[in-house]
1. Would you look at the GNM of the chain, springs on alpha carbons closer than 10 Å, and say which of 222, 39, 282 moves the most?
2. What spacing in nm lies between the two simple spin-label points modelled at residue 320 and residue 247, each 7 Å away from Cα in the Cβ direction?
3. When the Cα centres of segment 271-323 and segment 160-213 are compared, how far apart do they sit, in Å?
4. What ranking, highest mean first, results for peptides 128-135, 101-108, 3-10 when packing means the other Cβ atoms within 10 Å averaged over each residue?
5. Label residue 257 and residue 284 with points 7 Å out from Cα along Cα→Cβ: what is the distance between them in nm?
6. Say we join alpha carbon atoms closer than 10 Å with springs in a Gaussian network model of the chain; which of 198, 160, 65 then has the biggest fluctuation?
7. Using a Förster distance of 25 Å, how high is the FRET efficiency between residue 28 and residue 185, based on the Cβ-Cβ distance and rounded to 0.05?
8. Nearest 10 degrees is fine. How inclined is helix 139-149 to the longest principal axis of the chain, computing both from alpha carbons?
């Protein structure tokens, strides 16, 4: 029976905030899927919010009722002071039970691990593909042993690539191993083609056949397969639902995908008197209200009317439908 880490359980519930510490990285992994906007740029994000001040992190965590945080990058440990400051802030605000896991392409030494003690609960290391054959003689196993001695949970997390079977000897030194389905992105597409890989179809960003490379290692209950579809559809959807439940206005409808739907009216008359205050919000050029009010009673609302679907908390617009 497969055993999931606390971090993975929280991710599946959409309850894990993504804390992107920096886009700066000292590795050159050809399969890196990070966007051009973030790659190489020393800018921090809490989910999709640019962090201007530390309070932005707390605000974003509260908006989604986060139970934990995943610290990532780039290479987060290149900005150790920032990692420590952010994690200390989260633990102080939400308590020790706020679970924090940290991704790194490095093998943290004892000094680094001491800095993270009490701030990070789980270390997730990403050894590059070129060292998998000799994994037991690498610094990653040395780091894993030391981290476990110091009370951290230890995970190796890698993309699905040929040679995953070479990581099987590392499993006794770990609490978990995560295999992420190889993802196609705008930033790695050229390298993917050079490697002879293709896109599965027009609807998914997965590479066909990637799970077959993990077939042998997935027999161990410590190993978890995370598909690109699960990340895109389940994790994101559940996180959006949490945000929507906390931030939606009374007249907004929350969809099964976690988006919100409402109506927009550009009026040619005053607001009808029987429209209750909590059923609309007035702006300089428009009135926003329940979409069904505009759809069911169009004659009561002369002027341009639209139904808007967007991500919650004033996020990206998904669709605009004229009425």
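Any read-out appearing in this document is the output of simple, stated calculations on the displayed coordinates, not a laboratory observation. These numbers were taken from a predicted model, which means no experiment stands behind them. Cβ: placed from backbone, ideal geometry, glycine included. Neighbour counts: every protein chain shown.
1. 282
2. Computed distance between label sites residue 320 and residue 247 equals 2.0 nm.
3. 44 Å
4. Numbers: 128-135: 14.8, 101-108: 22.0, 3-10: 17.9.
Highest to lowest by the protection proxy: 101-108, 3-10, 128-135.
5. Spacing of the two 7 Å Cα→Cβ label points: 3.2 nm.
6. Maximum among the listed residues: 198.
7. About 0.95, to the nearest 0.05.
8. Between the helix axis and the principal axis of the chain, the angle is about 80 degrees.
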